[in-house]
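Let me begin by presenting the structure, written as structure tokens, before commenting on it.
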Amino acid sequence: RKRLTVPAIRQRKGGGEPLVMLTAYTVRTAQLLDPHCDMLLVGDSLGQVIYGLPSTVPVTLEMMAAHGAAVVRGSYHALVVIDMPFGSYEGSPQQAFDSAALLLKQTGAAAVKLEGGAAMAPTVRFLSERGIPVMGHVGLTPQAVNVLGGYGARGRSDAEAEAIAADATAIAEAGAFALVIEGVVEPIAIRITESVACPTIGIGASARCDGQVLVAEDMLGLFERTARFVKRYDDMAARISDAAERYAAEVRARTFPGPEQIYAAKV
Ligand code: KIV
Ligand code: NA
């Protein structure tokens, strides 16, 4: 199969089969997830998940480029989207273009994602008109944690709900090819999905979005996080602990390596 393109994703707006998206940060994970996904997101959530950072704020362009290149090498079907890290795009459309161009050149990915609402709309337009497809991200925007004060659901007050809807409209009208809606009360996600022209990708949003995304490590049970919107499809943490425990026991008992893992001398 040929790799999915941005226009192919854009065409999936409304009605039909929902878009399937997961994060991937490494080559092997990308290889395993790629056949099942329409899009792979190299999320800046790698800051916490891979690097143990306290938030996504310290994540750098270099980190995103290195992991993005690995994910492109490990996939051939899904459209790969790379998060623009905090501080690499908010200053000006020109700064955003330089950062996004670097990510696409160094990784081979076809699109970037950036967080923010109406204030970022001119930047989305600037990039889209210059050959860089942009996925938007509204609602709970983790890079704004120092302004928001935490990761609670957004849009509980009418004023906040209106602001999020206006953000979504502004980003979509600026030319975003798709829009992540994260951590909002469900009616806003439905309203945005029904009003914008591009596909919406929900996370903690609504099954009525045009697609869904989760952090792979979250849904695999590999990362300690208790967000309501994470459904655990496996408990990989328990499986890895168990494997390490059995390996340690066999090393200590001198039963590993066994005859099958030993090179016999030539006779
Ligand atoms: O960084 C990330 O993983 C994301 C998704 C949760 C949408 O932005
Ligand atoms: Na992100």
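Could you tell me how many of the residues in the stretch 170-185 are surrounded by fewer than 19 Cβ atoms within 10 Å (Cβ to Cβ) and over 20 Å from the mean Cα position of the chain (by Cα)?
1
Among the listed residues Ala109, Ala65, which satisfies the condition of being assigned to a helix (DSSP H, G or I) and under 30 Å from His36 (Cβ atoms)? Don't jump to the end; show me each part of the working.
Values: Ala109 fails: assigned to a helix (DSSP H, G or I).
That would be Ala65, the only listed residue that is assigned to a helix (DSSP H, G or I) and under 30 Å from His36 (Cβ atoms).
Which residues, counting only those in the stretch 23-51, are more than 15 Å from ligand 1 (Cβ to nearest atom) and out of contact with any strand residue (DSSP E or B) (no Cβ under 7 Å at 6 or more places or on another chain)?
Correct list: Val27, Arg28, Gln31, Leu32, Pro35.
When the stretch 1-44 is examined, which residues are found to be under 14 Å from Lys113 (Cβ atoms) and among the acidic types (Asp, Glu)?
Once the filter is applied, which keeps residues that are under 14 Å from Lys113 (Cβ atoms) and among the acidic types (Asp, Glu), the stretch 1-44 yields only Asp44.
Please find, within the stretch 186-202, the residue that is surrounded by the fewest Cβ atoms within 10 Å (Cβ to Cβ) out of those that are of a type in the set (A, V, I, L, M, F, W, C) and free of Cβ contacts under 8 Å to residues at least 60 places away in the same chain.
Here the residue is Ile190.
Between a residue in the stretch 238-261 that is assigned to a loop (DSSP other than H, G, I, E, B) and exposed (fewer than 11 other Cβ atoms within 10 Å of the Cβ) and any residue that is of a type in the set (Gly, Ala, Ser) and at pLDDT 95 or above, which pairs come within a Cβ distance under 9 Å, given they are 6 or more apart or on different chains?
Thr255/Ala249
Just checking, how many residues over the stretch 112-137 are farther than 18 Å from Leu61 by Cα, assigned to a loop (DSSP other than H, G, I, E, B) and either under 19 Å from the mean Cα position of the chain (by Cα) or among the β-branched types (Val, Ile, Thr) (or both)?
1
From the residues in the stretch 148-169 that are of a type outside the set (S, T, N, Q) and outside any helix (DSSP H, G or I), which one is surrounded by the fewest Cβ atoms within 10 Å (Cβ to Cβ)? Working first, answer last.
Taking the stretch 148-169 and keeping what is of a type outside the set (S, T, N, Q), we get 148-156, 158-168.
Those still in the list that are outside any helix (DSSP H, G or I) too: 149-156.
Values: Gly149: 8, Gly150: 6, Tyr151: 15, Gly152: 9, Ala153: 19, Arg154: 22, Gly155: 25, Arg156: 11.
Checked the stretch 148-169; the qualifying residue surrounded by the fewest Cβ atoms within 10 Å (Cβ to Cβ) is Gly150.
Among the numbered criteria (1) of a type outside the set (S, T, N, Q); (2) within 14 Å of ligand 2 (Cβ to nearest atom); (3) not in a helix (DSSP H, G or I), which one does Tyr76 miss?
Condition not satisfied by Tyr76: (2).
Within the stretch 108-122, can you find the residues that are away from ligand 2 (no atom under 16 Å from the Cβ) and in contact with a helix residue (DSSP H, G or I) (Cβ under 8 Å, 6 or more places away or on another chain)?
Answer for the stretch 108-122, where residues must be away from ligand 2 (no atom under 16 Å from the Cβ) and in contact with a helix residue (DSSP H, G or I) (Cβ under 8 Å, 6 or more places away or on another chain): Gly108, Ala110, Ala118, Ala121, Pro122.
Pick from the stretch 34-62 the residues that are within 10 Å of ligand 2 (Cβ to nearest atom) and part of a loop (DSSP other than H, G, I, E, B): which of them is surrounded by the fewest Cβ atoms within 10 Å (Cβ to Cβ)?
Here the residue is Thr56.
So, Leu102, is that one in contact (Cβ under 8 Å) with a residue 40 or more places away in the chain, away from ligand 2 (no atom under 16 Å from the Cβ), closer than 21 Å to Gly175 by Cβ and crowded, with 21+ Cβ neighbours inside 10 Å or not?
Criteria not met by Leu102.
Pairs only if they're at least six apart or on different chains, beta carbon under 9 angstrom, first in the stretch 27-51 and closer than 18 Å to Val230 by Cα, second more than 11 Å from ligand 1 (Cβ to nearest atom) and of a type in the set (D, E, K, R); list them, first residue then second.
So the pair list comes out as Leu40/Asp34.
Consider Ala69 against the criteria (1) at negative phi; (2) without any contact (Cβ under 8 Å) to a residue 60 or more places away in the chain; (3) surrounded by fewer than 19 Cβ atoms within 10 Å (Cβ to Cβ); (4) not hydroxyl-bearing (Ser, Thr, Tyr): it satisfies all of them except one. Which criterion is unmet?
Among (1) at negative phi; (2) without any contact (Cβ under 8 Å) to a residue 60 or more places away in the chain; (3) surrounded by fewer than 19 Cβ atoms within 10 Å (Cβ to Cβ); (4) not hydroxyl-bearing (Ser, Thr, Tyr), the lone unmet condition for Ala69 is (3).
Taking the stretch 138-147 as the search range and keeping residues that are part of a helix (DSSP H, G or I) and either at positive phi or away from ligand 2 (no atom under 14 Å from the Cβ) (or both), which one is surrounded by the most Cβ atoms within 10 Å (Cβ to Cβ)?
Checked the stretch 138-147; the qualifying residue surrounded by the most Cβ atoms within 10 Å (Cβ to Cβ) is Asn146.
Could you check the stretch 124-163 and list, in sequence order, the residues that are farther than 19 Å from Arg10 by Cα and within 15 Å of ligand 1 (Cβ to nearest atom)? First the steps, then the outcome.
Of the stretch 124-163, the ones farther than 19 Å from Arg10 by Cα are 139-163.
Matches in the stretch 124-163: Gly139, Leu140, Thr141, Pro142, Gln143, Ala144, Val145, Leu148, Tyr151, Ala153, Arg154.
The values are calculated or read from the model by the stated rules, or taken from the named source; none is laboratory data. As the structure is a prediction and not an experimental result, all values here were calculated from the model. Here Cβ is always computed from backbone atoms with ideal geometry, including for glycine, and neighbour counts include all displayed protein chains.
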